[in-house]
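Report on the structure given below.
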Amino acid sequence: MEKDYNLNNDSTEKIPVKNPPSILLLSGLDPTGGAGISADIRTATEWKVYPLPIITALTAQNHKGVHKIEAPSTETIVLQLNDVIDAIRPDAVKIGMLPNAAIVKAIAEVLKNRKLKNIVLDPVLSATTGGALTGGNQTMLAMADSLFPLVRLITPNQLELQLFDQLLKSYNRPGMLDSCKATLITGGDTKDNYCVDRLYKKSRINNEFYSLRIESRNLHGTGCVYSTSIACNLAQGTTLYKAVDNSKCLISDIIENSAPYSIIPGYGPVLV
Ligand code: PLP
């Protein structure tokens, strides 16, 4: 039987094509590939969410420490943000390393003016290997003033929460829980047998997420993957509770799967 190759035939049924959701990734570049923008891109790819990467800082670092940070100009970041948003409207935004207050304020202004939604902030202060990743008190205050009111979720570990709250208290400002719509306090850094992450809506606890502690030397980038995974789920239209739950499962699985690797001895990447 002959096939009908007449593509102009009006009777040809058109199958609607749904675009994948997209995520704007604002993160630092870690040349060992474990954390920052490369971890974010791998995570977005895992969830089939289209990644839109903007690099907020160049770092020279490895398992021995952070050796240099170079920040791009705010002008370049603002141009990149507007260029991306003019081309594709992101369904979610993940913000990671922010090297200085000027970059924080510039990013917040664009996100606010362009009315971007589903913003997840990982308030990174320092690397597990030691070195600072952010420009100190002024950068933290700028984050609290301009980004906290915009985010759907912030994902501090216990130490980040404590350091932010100490600083905010000394400036008579409300703490992180009161300033952000929702806060996920991650418990991976404790020594307990279980890692318990607690989700707060303002200062009221909403949910707890449990996983068994898995011993591993390959944990570099865990926080980046977790927060990006949550943002990717939000980009797909998932509820906040389910986005955290799905991401907690992913992070537990990849920590377990990555544990036997020795890509970098001592402190290696968690591989999604
Ligand atoms: N480098 C960059 C660019 C990061 O964004 C982060 C964490 O967010 C780190 C390094 C530190 O990663 P970790 O503390 O998981 O080793």
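The values are calculated or read from the model by the stated rules, or taken from the named source; none is laboratory data. What you are looking at is a predicted structure, and each value in this text was computed from that prediction instead of being measured. For neighbour counting, all protein chains shown are included, and Cβ atoms are generated from backbone atoms with ideal geometry for every residue, glycine included. Only protein heavy atoms, including side chains, enter the accessible area calculation; ligands, DNA and RNA are left aside. Shrake-Rupley method; radii C 1.70, N 1.55, O 1.52, S 1.80 Å.
Looking only at residues of segment 101-155 that are under 22 Å from P90 (Cβ atoms) and free of Cβ contacts under 8 Å to residues at least 12 places away in the same chain, we find that the one that is surrounded by the fewest Cβ atoms within 10 Å (Cβ to Cβ) is K115.
Summed over segment 229-247, the residues that are within 20 Å of N207 (Cβ to Cβ) and either touching a Gly at 6+ places or on another chain (Cβ under 8 Å) or of a type in the set (G, A, S) (or both) give a count of 5. For the residues I55, I15, the requirement of being among the hydrophobic types (A, V, I, L, M, F, W, C) and modelled with pLDDT of 95 or more singles out I55. Checked against the criterion of being touching a Leu at 6+ places or on another chain (Cβ under 6 Å) and not charged (D, E, K, R), the candidates N218, N172, N207 yield just one match: N207. L58 passes every criterion in (1) touching an Asp or Glu at 6+ places or on another chain (Cβ under 8 Å); (2) open to solvent by less than 50 Å² (accessible area, probe 1.4 Å) apart from (2). With respect to L219, is the statement that it is within 13 Å of the ligand (Cβ to nearest atom) and either among the basic types (K, R) or within 26 Å of L24 (Cα to Cα) (or both) true? Taking the combined requirement at face value, the residue satisfies it. Taken as a whole, segment 105-122 holds no residue that is of a type in the set (S, T, N, Q) and within 23 Å of K169 (Cβ to Cβ). The one condition from (1) within 15 Å of the ligand (Cβ to nearest atom); (2) without any contact (Cβ under 8 Å) to a residue 12 or more places away in the chain that D165 does not meet is (1).
Annotation note: Cβ proximity below 7 Å between a residue of segment 30-43 that is under 12 Å from A60 (Cα atoms) and touching a residue at least 12 places away in the same chain (Cβ under 8 Å) and a residue that is more than 9 Å from the ligand (Cβ to nearest atom) and in a loop (DSSP other than H, G, I, E, B) (sequence gap 6+ or interchain) occurs for T32/I264.
Scan segment 253-272 for residues that are open to solvent by less than 30 Å² (accessible area, probe 1.4 Å), outside any loop (DSSP other than H, G, I, E, B) and not hydrophobic (A, V, I, L, M, F, W, C) and the total you get is 2.
Within the span defined as segment 137-158, every residue fails to be modelled with pLDDT under 95 and in contact with a helix residue (DSSP H, G or I) (Cβ under 7 Å, 6 or more places away or on another chain). Here the condition is being free of Cβ contacts under 8 Å to residues at least 60 places away in the same chain, touching a Phe, Trp or Tyr at 6+ places or on another chain (Cβ under 6 Å) and more than 17 Å from S126 (Cα to Cα); of Y171, Y200, Y210, it holds for Y210 alone.
Within the option set P51, P90, being away from the ligand (no atom under 12 Å from the Cβ), of a type outside the set (V, I, T), crowded, with 17+ Cβ neighbours inside 10 Å and without any contact (Cβ under 8 Å) to a residue 60 or more places away in the chain holds for one residue only, P51.
Sort out which residues of segment 15-39 are among the charged types (D, E, K, R) and either within 16 Å of the ligand (Cβ to nearest atom) or within 10 Å of the chain's Cα centre (by Cα) (or both), and write them in order of number.
D30
Taking segment 222-237 as the range and being open to solvent by less than 10 Å² (accessible area, probe 1.4 Å) and within 13 Å of the ligand (Cβ to nearest atom) as the test, the residues that pass are V225, S227, T228.
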